[in-house]
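Notes for the one structure printed next.
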Amino acid sequence: MANILVTGANGQLGSEIKELVKNSLDSSNFYFTTSQELDITEHEKVKTFILANNIEVIINCAAYTAVDKAETEQDLADKINHLAVKNLAQIAKEKNIKLIHISTDYVYDGKNYKPYKEDDTTSPQSVYGRTKRDGEKAMQELDPQDSIIIRTSWVYSAYGNNFVKTMLRLGKEKTELGVIFDQVGSPTYAKDLAQAILEIVIEQKSNSGSQVQIYHYSNEGVLSWYDFAKEIMRMAKLECKINPIETKEYPTPASRPHYSLLNKAKIKKEFGLEIPYYKDGLDDCLRRLGERK
């Protein structure tokens, strides 16, 4: 039985972990915290909480994820995505705690031609990506024992705000919609990622090396946002026509990777994970939302 702290408990991934734990027979003690309950940027408060509850594992789901707003809120994004991770890593190192930190495909420039491997060079093109990369580096430099970083992409869930929910709303409001077709990647159903994390934690699986290891996780499948939107409309039986548009037709403050496929061979091999196909995750999410027709 382990005492496990999950930060960012009200986010998409934290909420999915909470839901799975609620229906689990595992006897571990989970402590779910939000920024109001535990500010992970405050070293002494986090340390006090961890010691008081004898925390043995930290799953850091907390993040600043407003990609476009980060361009003008650089200090806040850096505080949450970089300095808070450094803070958690320092405590994990000192107290011999396993830290699982969630990162992003935005650490890459999106100019690759084959799925990114964990040791490919990072070159973030946005403030969000840079702060997430800096958080990774801080954790690697401190190197808490048996800890891991999981990079993921295109996260959606039955909880929170995300692309799937936006498409469902717009699909009911509009007769047609333009969606970007020249950004390619893989969606990640937060419930599937949550399940993978719990398998790693509860079964006490360790990473392959003595140093902090990086792993990639997304659902199986290769598609554009346009393809994803088309599938959402098809499954939900919405009549909204989806038109393919180029990124340049939909300018945003932050640059997005045009190609962010993640090679998942490492996490599948080392932890024995079976990763679901993206349509299976989408089907489950729509059923939970009452939108699967």
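The values are calculated or read from the model by the stated rules, or taken from the named source; none is laboratory data. The structure displayed is predicted, hence computed values, not measured ones. Here the Cβ is made from the backbone with ideal geometry for all residues, glycine too, and neighbour counts use every protein chain on show.
Listed here are the residues, each with its yes/no results for (1) closer than 15 Å to Cys61 by Cβ; (2) assigned to a loop (DSSP other than H, G, I, E, B).
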| position | (1), (2) |
| --- | --- |
| Leu168 | no, no |
| Leu177 | no, no |
| Val201 | yes, no |
| Ser210 | no, yes |
| Ile214 | no, no |
| Ala229 | no, no |
| Met235 | no, no |
- Message: I'd like the residue in segment 256-272 that is under 29 Å from Arg234 (Cα atoms) and surrounded by fewer than 20 Cβ atoms within 10 Å (Cβ to Cβ) and, out of all such residues, is nearest to the chain's Cα centre (by Cα).
- Response: Asn263
- Only listed residue being in contact with a His (Cβ under 6 Å, 6 or more places away or on another chain) and surrounded by 24 or more Cβ atoms within 10 Å (Cβ to Cβ), chosen from Thr104, Thr131: Thr131
- Task: Look through Ala84, Ala66, Ala77 and report the one residue that is surrounded by fewer than 17 Cβ atoms within 10 Å (Cβ to Cβ) and either at pLDDT below 95 or within 17 Å of the chain's Cα centre (by Cα) (or both).
- Result: Ala66
- Task: Among what's in segment 44-73 and is assigned to a helix (DSSP H, G or I) and of a type in the set (Asp, Glu), pick the residue that is farthest from Tyr156 (Cα to Cα).
- Result: Glu44
- Item | Enumeration of residues in segment 278-287 that are of a type outside the set (A, V, I, L, M) and surrounded by 14 or more Cβ atoms within 10 Å (Cβ to Cβ) | Tyr278, Lys279, Asp280, Gly281, Asp283, Asp284, Cys285
- Message: For segment 1-48, give me each residue that is within 17 Å of Gly160 (Cβ to Cβ) and of a type in the set (A, V, I, L, M, F, W, C).
- Response: Val6, Ala9, Leu13, Ile17, Leu20, Phe32
